[in-house]
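The values are calculated or read from the model by the stated rules, or taken from the named source; none is laboratory data. All figures in this text were calculated on a predicted structure; none of them were measured in a lab. Glycine also receives a Cβ, built like all others from the backbone with ideal geometry; neighbour counts cover every protein chain displayed.
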Amino acid sequence: MPQINIEDLRHPTTNIAIIGAPGTGKTRSTFTMRKVLLKLKMSPIYRYYDLDWGVESLTELAFEHGWEKDIDIFRYGTPHKVSEGATPNRDSQPAIDLIRDLNWLHDQAEMVYTPQVGPPAIEGGAPVFLGPPMIQTKWKDSFTRAPGLVVVDSGSSLRDMLFNSMLVQRKIDVGGTGDRAISWNDWQLLKEKIVEIIELLKGLPCFSIMTFHDELRQETSEGPSKDGGDTVSTGVTVVVPIVTGDLRFNIQKFFGIALNATVQGGVYRWFVKPDQRNRGVRTRLMSTVQAVVDQDFMNIISTK
């Protein structure tokens, strides 16, 4: 089993979830990650998958500060005519193109193994084995536009792309009957595909951000009967990301940092510590942090 070099965890990269309503600064806040990248002497290049077609709040700031050439932007799908039938037009190609691009990005990283050996115990002898090899993930030298940050904006639009692709490829649809009906297994596959993409991004040798639109959900618990019965509301409203099924309640566990975006008194802010309404928010990269902070990654990622 390869060993991780503890020094690589002094300033680790991580994946970040930002959850919030439209207009709460999710896209705009990615601008502040540049300060972290420069402080850590990482690549300042952003690789931005603009699935919402709304990156302009970031590019406006980049143009203003003169680093617009450090952003590589990718968009998928084109506007199409509206179906005259009851079922909307569906296209599997945008999701296929995105997955191919993400797999290509994954292939630009490589695992570097460093043997742990010492000098021979006796002259002319074999090197002394000190432990399993150290392992590090890094971008290949041939990748000239290696990013310090990858952004998928948003995970909610990612869900929609994957959902449409699944319906087309599996020849099923909303309201379908018989073999064309959507089953529980289909929803499970959709959830697993979203997690698979999150895990791919998590394994890259850079920071990654996935934004999510939010919704308010009533917390529920099982009914009082022996068999569980109907679920009943606890009276608590929680903020959750728009994804699919029970993933909306536990998706934060797949991220090293999870933030809920808000606007307070005209100031863009993040909830960083969990409370009754904001579950699962946290940062693993700064030991001391306030419950609510201004939207600046220097406030939640230690660069010391």
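Some observations on this one:
- Subset of region 80-123 (residues that are within 19 Å of the chain's Cα centre (by Cα) and β-branched (V, I, T)): I96, I99
- Check on L38, part of a helix (DSSP H, G or I) and surrounded by fewer than 20 Cβ atoms within 10 Å (Cβ to Cβ): yes
- Being buried (at least 19 other Cβ atoms within 10 Å of the Cβ) and either not in a helix (DSSP H, G or I) or not basic (K, R) (or both) holds for only one residue in N250, N260, and it is N260.
- Looking only at region 169-200, and only at residues there that are surrounded by 16 or more Cβ atoms within 10 Å (Cβ to Cβ) and within 25 Å of the chain's Cα centre (by Cα), the one that is nearest to M210 (Cα to Cα): I198
- Pairing each residue of region 261-282 that is farther than 20 Å from M298 by Cα with any residue that is at pLDDT 80 or above, provided the two are 6+ apart or on different chains, yields C-beta distances under 6 Å for N278/N260; N278/F271; G280/Q252; G280/A258.
- Within region 177-192, the set of residues being charged (D, E, K, R) and either free of Cβ contacts under 8 Å to residues at least 12 places away in the same chain or under 13 Å from D246 (Cα atoms) (or both) comprises D179, R180, K191, E192.
- Residue list for region 278-303, filter: within 17 Å of the chain's Cα centre (by Cα), modelled with pLDDT of 85 or more and assigned to a strand (DSSP E or B): none
- Residue tally, condition within 26 Å of S183 (Cβ to Cβ) and touching a Lys or Arg at 6+ places or on another chain (Cβ under 6 Å), over region 238-257: 6
- Some residue of region 223-243 being surrounded by fewer than 19 Cβ atoms within 10 Å (Cβ to Cβ), touching a Gly at 6+ places or on another chain (Cβ under 6 Å), part of a strand (DSSP E or B) and at pLDDT below 90: yes
- Of all the residues in region 144-173, those that are out of contact with any Leu (no Cβ under 9 Å at 6 or more places or on another chain) and not small (G, A, S) number 8.
- Residues in region 41-71 that are assigned to a strand (DSSP E or B) and either among the hydrophobic types (A, V, I, L, M, F, W, C) or free of Cβ contacts under 8 Å to residues at least 24 places away in the same chain (or both): I71 only.
- Listed by first and then second residue, the pairs linking a residue in region 83-97 that is farther than 21 Å from L51 by Cβ to a residue that is among the acidic types (D, E), with Cβ atoms under 8 Å apart and 6 or more places separating them unless they lie on different chains, are T87/D173.
- Taking the criterion of being of a type in the set (F, W, Y) and in contact with a Leu (Cβ under 6 Å, 6 or more places away or on another chain), the only residue of region 72-118 that qualifies is Y76.
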